[in-house]
1. Tell me, which helices (runs of 4 or more DSSP H) lie completely within region 1-106 with 1 or more residues that are among the basic types (Lys, Arg), surrounded by 21 or more Cβ atoms within 10 Å (Cβ to Cβ) and touching a helix residue (DSSP H, G or I) at 6+ places or on another chain (Cβ under 6 Å)?
2. If a residue counts only when it is more than 17 Å from the chain's Cα centre (by Cα), which helices (runs of 4 or more DSSP H) contained entirely in region 130-191 have at least 1 such residues?
3. Out of everything in region 141-150 that is closer than 20 Å to Ala87 by Cβ and touching a strand residue (DSSP E or B) at 6+ places or on another chain (Cβ under 8 Å), what residue ends up being surrounded by the fewest Cβ atoms within 10 Å (Cβ to Cβ)?
4. Just to be sure before I move on: is Thr138 in contact (Cβ under 8 Å) with a residue 12 or more places away in the chain, surrounded by fewer than 23 Cβ atoms within 10 Å (Cβ to Cβ) and among the hydroxyl-bearing types (Ser, Thr, Tyr) in the structure I sent?
5. Do we find a residue being within 19 Å of Gly3 (Cα to Cα), open to solvent by 50 Å² or more (accessible area, probe 1.4 Å) and touching a Leu at 6+ places or on another chain (Cβ under 8 Å) anywhere in region 154-176?
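The values are calculated or read from the model by the stated rules, or taken from the named source; none is laboratory data. Quick caveat, the model's predicted, so the values are computed rather than measured. Methodologically, a virtual Cβ is constructed for each residue, glycine included, from the backbone with ideal geometry; neighbour enumeration extends over all protein chains shown. Calculation scope for accessible area: heavy atoms of the full protein, side chains included, ligands and nucleic acids excluded. Shrake-Rupley method; radii C 1.70, N 1.55, O 1.52, S 1.80 Å.
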Amino acid sequence: MKGIWVFLAEGFEETEALATWDVLRRGGLDAKLVSITEDRMVTGSHGLQVMADLVRSEFKEEVCLEGTMIEDAMVFPGGMPGTKNLAADKELMDLMRLHFAEGGTLAAICAAPGLVVSQADDIRGKKFTCYDGCWDLTLAKGAEYVKSPAVTDGNLVTGRGPGCAVEFGLAVLARIKGDAAADRLRKEMML
């Protein structure tokens, strides 16, 4: 897989998706918004309509399934029913499992660590955070909850919720480009 993909499903959490995407773009990464359907316009959980860079078929044409690298990331925002829609997409979850198993970055925030990350193989012992109360499925797979705005454990990056979206984005940026890049952007953004 080559690229940084922020997946949008109907009912996604706008702040988590767009703040994360914005931080990644400001950090010099070519992050793209991907609709998981063939509709380019995706409506968030609070009614904001966002035009995705790619629809599902375009993503499938652009993605390279030959090998995964640390520079590749699959980003899953939370929001309801957006997270449920992401988690119910079998083809997307199969790709996520393969990507994660090959060492690619899996990033999820809010409810997504509970509904999406819990579907990944071999998360036993991984540290994660999520929206309060969305941890049951991930804990059942042996992961360890940490109450923090963002948590990175190897190739897994997780965030708590909308108010933590910028910290989450910075954690994803640090995973891909290093701490110095994230620290530089933190200063530029006056955080």
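1. Of the helices (runs of 4 or more DSSP H) lying wholly inside region 1-106, none has at least 1 residues that are among the basic types (Lys, Arg), surrounded by 21 or more Cβ atoms within 10 Å (Cβ to Cβ) and touching a helix residue (DSSP H, G or I) at 6+ places or on another chain (Cβ under 6 Å).
2. Details: elements: 136-140, 165-177, 179-188.
Counting at least 1 such residues, we get 136-140, 179-188.
3. Among them, the one singled out is Tyr145.
4. Details: in contact (Cβ under 8 Å) with a residue 12 or more places away in the chain: yes; surrounded by fewer than 23 Cβ atoms within 10 Å (Cβ to Cβ): no; among the hydroxyl-bearing types (Ser, Thr, Tyr): yes.
Answer is no for this residue.
5. Residues of region 154-176 that are within 19 Å of Gly3 (Cα to Cα), as a first pass: 154-158, 168-176.
Keeping just the survivors that are open to solvent by 50 Å² or more (accessible area, probe 1.4 Å) gives 175.
Applying the additional criterion that residues be touching a Leu at 6+ places or on another chain (Cβ under 8 Å) yields none.
Scanning region 154-176, I find no residue that is within 19 Å of Gly3 (Cα to Cα), open to solvent by 50 Å² or more (accessible area, probe 1.4 Å) and touching a Leu at 6+ places or on another chain (Cβ under 8 Å), so the answer is no.
To keep it simple, each residue is scored yes or no on (1) under 12 Å from the mean Cα position of the chain (by Cα); (2) modelled with pLDDT of 95 or more; (3) farther than 21 Å from Phe168 by Cα.
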position	(1), (2), (3)
Val6	yes, yes, no
Thr15	no, yes, no
Trp21	yes, yes, no
Thr37	no, yes, yes
Met51	no, yes, yes
Glu62	no, no, yes
Asp72	yes, no, no
Val75	yes, yes, no
Lys90	no, yes, yes
